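Below is one structure, written out as structure tokens; comments come after it.
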Amino acid sequence: MKWSIHQLNKYRSKGLTFDETVDVSELKGSADIRDISPVRVAGRADLGANKFTFHFRITGTMVLPCSRTLADVAFPFDIETTEVFLASKEEHEDEAEVHYLQGEVLDLLPVIKENIILEIPIQIFSDEASTEAPMKGQDWQVITEKEQTEKVDPRLEGLAKFFDKQK
């Protein structure tokens, strides 16, 4: 989803429409995203001499951990956004969110990734019947209070035998 300024200027009179599938798999592992499907980006662009306004919709599904059980939860998202890109910083724009072009290429992919990350909810819960939290995982397990008192620390085994000798 990259266009050079020269390519965009060709579309200035007739406008630019796009409908593409984008791979954003590098978001896996960051921001609690366990997996993400290729996302569909569809929209149009209003092109001026130094101002490029993109109106587009991002749809896809990401897999996030359940806040209660850490089970995988499929979270579909549908984001509608308008992003403004300016060719030079000299122009003053009243809009709060404006992106400035770096060089001669307009890359929409970082903006797409940013919008996906902003869409991640603070909490998400699994609809599965099992609402019980996992009792063990990789290199950890839950120990109940009863199990903890029954098990004697190996460093203190000698003290436990001390009291048996006095009786």
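Side notes on the structure shown:
- 3J(HN,Hα) along segment 110-118, derived from phi through the Karplus expression 6.51 cos²θ - 1.76 cosθ + 1.60 where θ = phi - 60°, amounts to x, 5, 4, 4, 4, 5, 5, 5, 5 Hz, with x in place of Gly and Pro.
- Net +/- balance of residues flanking residue 1 in space, Cβ distance below 15 Å, scoring K and R +1, D and E -1: -2
- In order along segment 25-39, phi translates into HN-Hα couplings of 5, 5, 6, 4, x, 9, 6, 6, 7, 7, 7, 8, 7, x, 9 Hz, rounded to whole numbers, per the Karplus curve 6.51 cos²θ - 1.76 cosθ + 1.60 with θ = phi - 60° and x for Gly and Pro.
- When shorter helices are ignored and each DSSP H run of at least 4 residues is given -39500 (n - 2.57), the per-residue value for the chain at 222 nm works out to -5000 deg cm²/dmol.
- At R0 = 35 Å, FRET efficiency that the Cβ-Cβ distance of residue 124 and residue 89 yields, to 0.05: 0.35
- Using θ = phi - 60° and Karplus 6.51 cos²θ - 1.76 cosθ + 1.60, couplings along segment 61-71 (whole Hz; Gly, Pro as x): 9, 10, 9, 10, x, 5, 5, 9, 10, 6, 6
- Most fluctuating residue given options 121, 76, 38, as computed from a GNM of the chain linking Cα atoms under 10 Å: 121
- The order of 6, 55, 99, going from fewest to most other C-beta atoms within 10 Å of their C-beta, is 6, 55, 99.
- Reciprocal mean inverse distance between Cα atoms of the chain - Kirkwood radius, Å: 20.4 Å
- One chain, two ends: residue 71 and residue 4. Fully extended at 0.36 nm per residue, the span grows by 19.8 nm beyond their Cα-Cα distance.
- Count of Lys pairs (Cα-Cα under 21 Å; at least 8 positions apart or interchain) in segment 2-133: 9
- Net charge, residue 31 excluded, C-beta distance under 12 Å - Lys, Arg +1, Asp, Glu -1: -1
- Comparing 144, 21, 69 in a Gaussian network model of the chain where C-alpha atoms under 10 Å apart are linked, the largest mean-square fluctuation is found at 144.
- Tilt relative to the chain, helix 157-166 - C-alpha long axis, 0 to 90 degrees, to 10: 20 degrees
Read-outs throughout are calculated quantities, based only on the coordinates presented, and are distinct from any laboratory measurement. It should be emphasised that the depicted structure is a prediction, and the values quoted were computed from it without experimental measurement. Every residue, glycine among them, receives a Cβ derived from its backbone with ideal geometry; neighbour counts consider all protein chains shown.
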